[in-house]
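Accompanying notes for the structure given below.
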Amino acid sequence: MHISEGAISLPVLAIGGALALGGLYKGLKAINEEDMPKAAILSAVFFTASLIRVSVGFSSTHLVLSGLIGLIMGWAAFPVIFLALLLQGILFQFGGLTTLGLNTFNMAAPAVLVAWLFNRPVNGSNSAISSIAGFLTGSLPILMSALLVGVSLATTDERFINAARAVFLANLPIVLIEGFVCMFCVQFLRKVRPAILRPQAA
């Protein structure tokens, strides 16, 4: 779901970058020394999952796992995702440095929001409700990120509306996949280490 270099207008990049800076500030304040190993592992997971991608116009579709990252890290999902995107931009030219802020916001903000909304039901005593909440925590951030990418393209140039529509439709299968992956991860973590699903800024 990376937006490529040169596709987005300067005002949209500036707004996305400013919003990402705000998220990074909150995320860096929320993270502590004990969270560093989790942050490093999740950043590596995001980095690896995003390498398997299919190009769609000015963007791409791939596994993201942002919902799970948000559920575990809370606001710290911003620096986790930022670091992975930075390395991808430098090493593989995925996305790019000029779109780094916008890409970070488009992927991290939905993860933080949805994880905050579903943190309580995910950790509740009802296993069925927890599974549904886990599925939604995985799937909704992808849907929202695809919408944000589409809005970023459409507000840059109305000629990109068809590309924005294609990005959204191409990510619909990923919405289902991410939902099930997050649901299974939630159920596994509830059994082996439930405390990890309670981020400090849930």
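For volume of the Cα convex hull per residue in Å³, several values are listed as (i) 111; (ii) 98; (iii) 121; flag the one computed from this structure. Comparing each candidate, only (ii) matches the computed number. The modelled label-to-label distance for the pair K29/F184, using points 7 Å beyond Cα in the direction of Cβ, is 3.8 nm. Among the helices of the chain, those built from whole DSSP H runs whose Cα atoms reach 24 Å or more along their own axis and whose mean Kyte-Doolittle hydropathy is at least -0.5 are 10-30, 100-122, 127-156, 172-192. Overall, the chain carries a charge dipole of about 480 debye about its Cα centre when +1 sits on the Cβ of Lys and Arg and -1 on the Cβ of Asp and Glu, all other atoms neutral. Local charge for W75 was computed over the other residues whose Cβ lies under 12 Å away, with Lys and Arg +1 and Asp and Glu -1, and equals +1. As a proxy for reagent exposure, ranking L10, L85 by other Cβ atoms within 10 Å from fewest up yields L10, L85. Net charge of the neighbourhood of N126, taken over other residues with C-beta under 12 Å away and scored Lys/Arg +1, Asp/Glu -1, is +2. Overall, the anisotropy analysis places region 116-202 in the prolate class: the square-rooted eigenvalues a ≥ b ≥ c of its C-alpha gyration tensor yield a/c not less than 1.5, with a/b exceeding b/c.
Considering only I132, G70, I41, and ranking their Cα positions along the charge dipole of the chain that arises from unit charges at the beta-carbon of Lys, Arg, Asp and Glu, the one farthest toward the positive end is I132. If R0 is 25 Å, the Cβ-Cβ spacing of S127 and I41 corresponds to a FRET efficiency of close to 0.45.
Helix-only arithmetic for the chain: the sum of -39500 (n - 2.57) across DSSP H runs with n ≥ 4, divided by the residue total, places the mean residue ellipticity at 222 nm at -24500 deg cm²/dmol.
Readers should treat all values here as calculations from the given coordinates under stated rules, not as data from a laboratory. These numbers come from a predicted model, not from an experiment. Cβ atoms come from the backbone with ideal geometry, glycine included; neighbour counts cover every protein chain shown.
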